[in-house]
Amino acid sequence: MKATLRRRLLGVAAVVLFVAAFVLATPASATHGQPGKQLPAWGAVAGTVTSVDYAPGFPFVRSTFGGRCSVPSDWVTSHTFTGEVSHGGLSTGVGSHCGRLDYATGAIIDADEVIMMTAANGDTLNSRGNGYTFPDGTTTGELTIVGGTGRFAGATGESTSSGRADLTATPWTYTLSFSGWIAYDASQASS
């Protein structure tokens with residue numbers, strides 16, 4: 001049961017990482033002077049779960065972790081990732097999410113994802129989202145871009161992701177690919 005739970009947690013973390021990579025990508029000339037223009041965005045990331053904090057009563061009692069989670073959850077997972085993204089080049093990121101096991105299906109529901117990705121030039125992109133990790137290790141997710149720094153200040157966008165989580169690895173690992181759109185002011189890029 002612990003191996004299955006770990007695998008599911010990793011999948012959720014993978015979704016978060018993949019979304020983070022998507023959110024932080026974009027070259028400075030991409031908007032061609034049109035800061036609100038929606039641009040296609042895509043990428044692929046690989047990540048590692050760095051910590052899992054279980055609810056004090058897990059698996060019988062869930063927690064909101066002091067308000068971090070919007071609904072009672074089984075754990076909070078943190079992770080790091082690296083990948084190539086369409087608007088950020090080689091990017092890195094960190095994220096966390098609240099996870100809870102769906103006892104009926106065995107899936108992990110990944111909620112309240114918070115991701116910050118750092119593009120190759122140092123600009124950061126922030127996103128929030130939700131996702132699922134299924135018993136077979138596949139992951140899906142959705143993210144919403146909520147600003148950042150440099151060219152991503154005030155950025156908006158959305159993406160969907162899919163990938164695989166390996167919860168049998170130590171530490172847990174994942175890979176994700178994502179696609180969607182982003183709008184930002186490329187003239188504000190860091191040097």
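The values are calculated or read from the model by the stated rules, or taken from the named source; none is laboratory data. In this text the structure is predicted, and so the values were computed from the model without any measurement. Here the Cβ positions follow ideal geometry from the backbone for every residue, glycine too, while neighbour counts run over all protein chains shown.
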Q.
Here is a check on your reading of the model: is ARG164 over 21 Å from GLY67 (Cα atoms), outside any strand (DSSP E or B) and either polar (S, T, N, Q) or in contact (Cβ under 8 Å) with a residue 60 or more places away in the chain (or both)?
A. no
For the stretch 102-118 the number of residues that are within 11 Å of the chain's Cα centre (by Cα) and within 17 Å of PHE178 (Cβ to Cβ) is 6
Q. Among the residues of the stretch 104-112, is any in contact (Cβ under 8 Å) with a residue 60 or more places away in the chain, crowded, with 24+ Cβ neighbours inside 10 Å and in contact with an Asp or Glu (Cβ under 6 Å, 6 or more places away or on another chain)?
A. no
Given the conditions (1) surrounded by fewer than 17 Cβ atoms within 10 Å (Cβ to Cβ); (2) in contact with a Pro (Cβ under 8 Å, 6 or more places away or on another chain); (3) at pLDDT below 50, every one holds for SER29 apart from (2)
Residue set PHE65, PHE81; condition among the aromatic types (Phe, Trp, Tyr) and farther than 21 Å from SER159 by Cα; output residue PHE65
From the option list GLY99, GLY88, GLY131, single residue qualifying as surrounded by 24 or more Cβ atoms within 10 Å (Cβ to Cβ) and more than 22 Å from SER179 (Cα to Cα) is GLY99
Q.
Criterion first (crowded, with 20+ Cβ neighbours inside 10 Å, β-branched (Val, Ile, Thr) and modelled with pLDDT of 95 or more) does VAL19 satisfy it?
A. no
Within the stretch 44-63, restricting to residues that are in a strand (DSSP E or B) and of a type in the set (Val, Ile, Thr), the one that is surrounded by the fewest Cβ atoms within 10 Å (Cβ to Cβ) is THR50
In the set GLY88, GLY83, the lone residue that is among the small types (Gly, Ala, Ser), in contact with a strand residue (DSSP E or B) (Cβ under 7 Å, 6 or more places away or on another chain) and at pLDDT 95 or above is GLY83
